[in-house]
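I have placed the structure first, in the form of structure tokens, so that the comments after it can refer back to it.
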Amino acid sequence: MREGAAMAFLRAVAGTEPSPVVRGDGIYLRTPTLADHGEWARLRAESRGFLAPWEPIWPSDDLEKAAFRRRLRRYGRELREDAGYPFFLFRGHDHVLLGGLTLSNIRRGVTQACSMGYWMGERHAGQGYMANAVRAVIPYVFETLKLHRIEAACLPTNANSIHLLEKVGFQREGYARRYLCIAGDWRDHLLYALLAEDKRPATLANQGK
């Protein structure tokens with residue numbers, strides 16, 4: 001990413017100017033700010049039982065404001081180093097926080113790839129919001145960040161995530177044993193990827209045009 005754009009991201013995370021926005025069908029994504037803490041903490045708290053089977057164990061202070069500040073500082077480092085791009089997902093018509101999507105582990109050089117992860121608040125799940133968010137962020141990855149490959153991994157038992165990834169055009173590439181520590185245990189994962197030149201569903205290929 002160009003230096004000027006990266007600095008804009010950093011200022012947005014610090015809350016000193018409006019965040020860059022990626023818009024999709026009925027949703028938009030922007031970088032988190034400190035003002036998001038209350039709504040984020042409430043959504044995460046009420047969704048804890050829904051999210052816990054698919055995520056690493058939460059730190060004991062995870063929802064506290066001090067921990068959120070540390071999260072924002074980490075986001076700032078990742079943005080400055082072109083290592084990751086965090087987004088919160090909002091519904092378009094009423095600006096309600098729905099979940100989050102993160103592009104992480106960015107590798108440049110001959111790789112030009114990133115990893116994508118996401119989470120959704122329980123009361124907003126199953127309504128197509130995250131599929132629209134992934135559709136919206138893919139052109140951002142390929143056209144703005146100029147990456148060539150997006151990778152994603154999910155548990156073999158996570159039927160919803162498998163369906164989402166395959167619906168938006170990701171292809172299953174492999175099976176990684178004991179790949180990530182989820183809910184306190186090392187768990188096997190399915191590995192998916194989408195390449196810039198891959199043929200994608202028409203709704204995805206036309207997104208933003």
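The values are calculated or read from the model by the stated rules, or taken from the named source; none is laboratory data. Everything numeric in this text was worked out from a predicted model, so none of it was measured. Cβ sites come from the backbone with ideal geometry, for glycine too, and all protein chains shown count toward neighbours.
Things to note:
- Out of Leu72, Leu79, Leu29, one residue alone is in contact with a Leu (Cβ under 6 Å, 6 or more places away or on another chain), modelled with pLDDT of 95 or more and surrounded by 18 or more Cβ atoms within 10 Å (Cβ to Cβ). It is Leu29.
- Positions within the range 115-139 being assigned to a strand (DSSP E or B) and over 21 Å from Asn158 (Cα atoms), in sequence order: none
- For beta carbons closer than 7 Å, sequence separation of 6+ or different chains, a first residue in the range 53-69 that is touching a residue at least 24 places away in the same chain (Cβ under 8 Å) and within 16 Å of Ala41 (Cα to Cα) and a second that is in a helix (DSSP H, G or I) and of a type in the set (Lys, Arg), there are no qualifying pairs.
- Within the range 25-61, being under 21 Å from Asn158 (Cβ atoms), in a loop (DSSP other than H, G, I, E, B) and in contact with a helix residue (DSSP H, G or I) (Cβ under 9 Å, 6 or more places away or on another chain) holds for Ser47, Trp58.
- Complete set of residues in the range 160-193 that are more than 17 Å from Val134 (Cα to Cα), out of contact with any helix residue (DSSP H, G or I) (no Cβ under 9 Å at 6 or more places or on another chain) and hydrophobic (A, V, I, L, M, F, W, C): Ala176, Leu180, Cys181, Trp186
- Exactly one residue among Ala152, Ala83 is over 15 Å from Tyr28 (Cα atoms) and touching a residue at least 40 places away in the same chain (Cβ under 8 Å), and that residue is Ala152.
- Every residue from the range 147-160 that is under 19 Å from Pro86 (Cβ atoms) and either surrounded by fewer than 19 Cβ atoms within 10 Å (Cβ to Cβ) or more than 15 Å from the chain's Cα centre (by Cα) (or both): Leu147, Glu151
- Number of residues in the range 129-145 that are in contact (Cβ under 8 Å) with a residue 40 or more places away in the chain, out of contact with any strand residue (DSSP E or B) (no Cβ under 7 Å at 6 or more places or on another chain) and either under 23 Å from Gly49 (Cα atoms) or not hydrophobic (A, V, I, L, M, F, W, C) (or both) equals 2.
- Meets criteria (farther than 20 Å from Phe88 by Cα, modelled with pLDDT of 95 or more, of a type in the set (Gly, Ala, Ser) and surrounded by fewer than 19 Cβ atoms within 10 Å (Cβ to Cβ)) for Ala183: yes
- When residues of the range 97-127 are limited to those that are over 25 Å from Arg74 (Cβ atoms) and free of Cβ contacts under 8 Å to residues at least 24 places away in the same chain, the one surrounded by the fewest Cβ atoms within 10 Å (Cβ to Cβ): Val110
- Residues of the range 62-83 classified as farther than 24 Å from Gly184 by Cβ, not aliphatic (A, V, I, L, M) and not in a helix (DSSP H, G or I), total: 2
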